[in-house]
Amino acid sequence: MQFLNGITLLLVYQLVGEITVRLLGLPIPGPVLGMVMLFVTLMIRGKAPESVDQASTALLSHLSLLFVPAGVGMMAHFGRIADEWVPITLALLLSTVITMVATALIMQVTTRWFAKPLPEKEGGNE
């Protein structure tokens, strides 16, 4: 029952995000807004409920199955991909490099921000 409660909660947040995006005409996907809303809720609560933990663990354990529709979509549009492989490859490479650089920079900033200074040793500077 915990799993169903968790999945229901995840889907409710996705639905609320979708409705909000459509009502306000926001230029972001509804599920992304729903995920941000869920994140804010979990930050306020301080922890994830057991039901959400179970549902998310189950979804992550079967993550490879969620790539099947993407693979089918690629096969359905294989001709277009073959025609436009150069810009697709460049976009993938550039986005990967940009993501890696941005992640490294954000990690450095947050590490400095959250890192506690080491206590100085007393009397041993010789």
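The values are calculated or read from the model by the stated rules, or taken from the named source; none is laboratory data. Since the structure is predicted, the reported quantities are computational estimates derived from the model, not experimental observations. Using ideal geometry, Cβ is built from the backbone for each residue, glycine included, and neighbour counts are taken over all protein chains shown. Remember, those area values only see protein heavy atoms, side chains included, never the ligands or the DNA or RNA. Shrake-Rupley method; radii C 1.70, N 1.55, O 1.52, S 1.80 Å.
Using heavy atoms of the protein chains and a probe of 1.4 Å, the accessible area assigned to His77 is about 110 Å². Rolling a 1.4 Å probe across the protein heavy atoms gives the chain an accessible surface of 86 Å² per residue.
Solvent-accessible area assigned to carbon and sulfur over the chain amounts to 72 percent, based on a 1.4 Å probe. Taking θ as phi - 60° and the Karplus parameters 6.51, -1.76 and 1.60, the scalar couplings of the range 20-28 work out to 4, 4, 5, 5, 8, x, 6, x, 10 Hz in sequence order, x denoting glycine and proline. Label-to-label distance for Val101 and Ile28 is 2.4 nm, based on points extended 7 Å past Cα in the beta-carbon direction. The fraction of all Cα pairs in the chain landing in successive 10 Å bins from 0 to the largest distance is 10, 19, 31, 25, 9, 5, 2, 0, given as whole percents.
Computed over the chain with a Gaussian network model linking Cα atoms closer than 10 Å, the most mobile of Gln54, Gln14, Gln108 is Gln108. For the options Ser56, Ser64, Ser95, a Gaussian network treatment of the chain with springs between C-alpha atoms closer than 10 Å singles out Ser95 as fluctuating the most. The phi torsions of the range 101-108, fed into the Karplus equation with coefficients 6.51, -1.76 and 1.60 and a -60° offset, translate into couplings of 5, 4, 5, 4, 5, 5, 5, 4 Hz, rounded to whole numbers, with Gly and Pro shown as x.
Loop-resident GluC sites (Glu not before Pro) (DSSP state other than H, G, I, E or B) in the range 1-91 with no more than 15 further Cβ atoms inside 10 Å of their Cβ: Glu84.
For the range 1-73, a/c is not less than 1.5, where a ≥ b ≥ c are the root eigenvalues of the C-alpha gyration tensor, and a/b does not top b/c. That puts it in the oblate class.
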